[in-house]
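> Mind having a look at this structure? Questions to follow.
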Amino acid sequence: MASLKKKDVEEFRVPTLGESDAAYAALLQRQSDLSAMLSKLHSERGELEKNIAEQPKSPYSAGVSRLLGDDEGAAPHLRKRRGEVLGEITDVETALVVIRKRLDEARNGASKAVCDAVRQEYQKRLGVVCDAARALEAARQSHDELIAAIEREDVNLAYLKPVHPFFMGDRREGKVFHFLKEVAEAHNV
């Protein structure tokens with residue numbers, strides 16, 4: 001029976017969706033850039049609101065304030081910039097929603113690429129599981145044969161306290177049988 005050593009398991013690395021598909025990676029990068037932009041905009045909005053609160057109230061618009069010669073730190077200019085920032089925040093949040101939808105759509109293609117890249121390793125490890133399942137089934141058969149031989153001699157099994165592997169299901173077409181059948185149908189391992 002082939003076995004996988006811990007070292008073999010550690011050496012194999014599953015590629016990420018982004019590593020496997022350039023379009024998916026580009027969407028992830030765009031999402032990251034937009035998230036960083038959103039964070040900066042929220043910080044700027046917070047600073048603007050703080051600065052507006054510290055300014056004396058002004059009934060004028062930014063345009064009137066500019067004509068009056070008020071500096072750019074005056075409340076009307078800050079309110080105007082806050083409005084621009086709020087608009088940008090809305091745009092970035094909308095773009096992030098669209099990016100999430102695009103990532104969901106692109107995930108299937110990227111997932112296929114990852115699965116193609118790991119298929120051989122997966123089948124190798126699945127083969128090890130199948131070998132272990134076959135060995136378990138053979139061990140169960142040997143175990144059951146011994147119990148049957150003891151029973152044929154009319155021995156009181158209470159003194160032996162045998163344990164039966166009920167977790168494996170039926171002896172003939174139990175869980176191991178169905179597992180191996182499913183593997184054969186799906187992977188021919």
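The values are calculated or read from the model by the stated rules, or taken from the named source; none is laboratory data. Given the structure is predicted, the values throughout are model-derived calculations rather than measurements. Note that we place each Cβ from the backbone using ideal geometry, even for glycine, and neighbour counts take in every protein chain shown. Surface areas here come from the heavy atoms of the whole protein model, side chains and all, with no ligands, DNA or RNA. Shrake-Rupley method; radii C 1.70, N 1.55, O 1.52, S 1.80 Å.
> How large is ³J(HN,Hα), in whole Hz, for each residue of the range 19-24 in order, when computed from phi with the Karplus curve 6.51 cos²θ - 1.76 cosθ + 1.60 and θ = phi - 60°, using x for Gly and Pro?
For the range 19-24, the Karplus curve yields 5, 8, 9, 4, 5, 5 Hz.
> So what is the calculated 222 nm ellipticity per residue for the chain, using -39500 (n - 2.57) for each DSSP H run with n of 4 or more, over all residues, to the nearest 500 deg cm²/dmol?
Counting only the DSSP helices, I get -26000 deg cm²/dmol.
> What distance in nm lies between label points placed 7 Å from Cα along the C-beta direction at LYS112 and LEU160?
The modelled label-to-label distance comes out at 5.6 nm.
> Rank these residues by their accessible area, most exposed first, probe 1.4 Å: TYR159, TYR24.
Most to least solvent-accessible, the answer reads TYR159, TYR24.
> Using Rg/Rh (Cα atoms, Kirkwood Rh) as the read-out, say which of (1) 1.42; (2) 1.12; (3) 0.98 was calculated from these coordinates.
(1)
> Residues with amide H under 5 Å of ARG171's amide H, sequence separation 5 or more or different chain, H placed in the peptide plane at 1.01 Å from N; which?
The answer is none.
> Round to the nearest 10 and give me the degree value, 0 to 90, for the angle of helix 175-187's Cα axis relative to the longest principal axis of the chain.
Tilt of helix 175-187: around 60 degrees.
> How large is ³J(HN,Hα), in whole Hz, for each residue of the range 38-54 in order, when computed from phi with the Karplus curve 6.51 cos²θ - 1.76 cosθ + 1.60 and θ = phi - 60°, using x for Gly and Pro?
4, 4, 5, 5, 5, 5, 4, 4, x, 4, 4, 5, 5, 5, 5, 5, 7
> If you don't mind, another one. LEU180: net charge of surrounding residues, Cβ under 11 Å, Lys/Arg +1, Asp/Glu -1, itself excluded?
Computed value for this residue: -2.
> So for the chain, taking the charge dipole from beta-carbon charges (+1 Lys/Arg, -1 Asp/Glu), which of GLN141, SER39, PHE177 sits furthest toward the positive end?
Toward the positive end, the furthest listed residue is SER39.
> Another question, then. To the nearest 20 debye, what charge dipole does the chain have about its Cα centre, counting +1 at the Cβ of each Lys and Arg and -1 at the Cβ of each Asp and Glu?
In total the dipole reaches around 200 debye.
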